[in-house]
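Please treat every number below as a calculation from the coordinates, not as lab data. The structure presented is a predicted model; accordingly, all values stated were derived computationally and were not measured. Virtual Cβ from ideal backbone geometry, glycine too; neighbours counted across all protein chains shown.
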């Protein structure tokens, strides 16, 4: 298998899409597919698909194509879906609640083990099957449970303080909705900065420039 530091970010970002499309194929009862057929579904070239998958080893057989279940299993292994990374969420407001209730963490390779908020009025209230914990308990919780990922659904102005604390507690990976670009401030951490406004602005541009 190729070393991850040799694999481009664009290839890595396509892996979840392959995983999702292959899951849809299985749900349709399709057990094998050629790179050409997969390319037509995904609107990628067959060459691009073969190049992407070759980054991780040889998949498929000449003249046969891909075994859908086996390929999806290999991509799941590459992503690490089975690792079930221990995850906490900071910020139990509307966004944090929506992320908690509507995302299937286990299918994404994570296990949500704690939800935290600074608001005493919602402490101990339930979201799904977890109780909200006050952020004053964050250090004790991390010392006991050693979470690997933190989801940040907090205001931008609060982010640096909480990230500083989490890094000291051993959390170095962030799914960040706060609009604070963590990568610009910290080295040696892994972060996915989610800017919903940027995504909507991109759509607006595409709509306004269709011609």
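A compact table of results
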read-out	value
Radius of gyration and maximum dimension Dmax of segment 1-127, Cα, Å	18.4, 63
Mean separation of Cα contacts under 8 Å, 6 or more apart, over the residue count of segment 116-211: relative contact order %	19 percent
Relative exposure of 153, 108, judged by other C-beta atoms within 10 Å (fewest first)	108, 153
Relative contact order (percent, whole number), the chain, Cα cutoff 8 Å, 6+ residue spacing	13 percent
Distance between modelled label sites at residue 70 and residue 121, nm, 7 Å Cα→Cβ extension	5.8 nm
Expected 222 nm ellipticity per residue - DSSP helices of 4 or more, -39500 (n - 2.57), all of the chain, to 500	-13500 deg cm²/dmol
Normalised per residue, the volume of the convex hull around the Cα set of segment 4-77 (Å³)	83 Å³
Distance between modelled label sites at residue 184 and residue 34, nm, 7 Å Cα→Cβ extension	4.9 nm
P(r), alpha carbons of segment 84-198 - 10 Å bins starting at zero, rounded %	14, 51, 32, 2
Label-point separation in nm, residue 77 to residue 206, each point 7 Å along Cα→Cβ	3.4 nm
Candidates 84, 148, 51, ranked by Gaussian network fluctuation over the chain, Cα under 10 Å, top entry	51
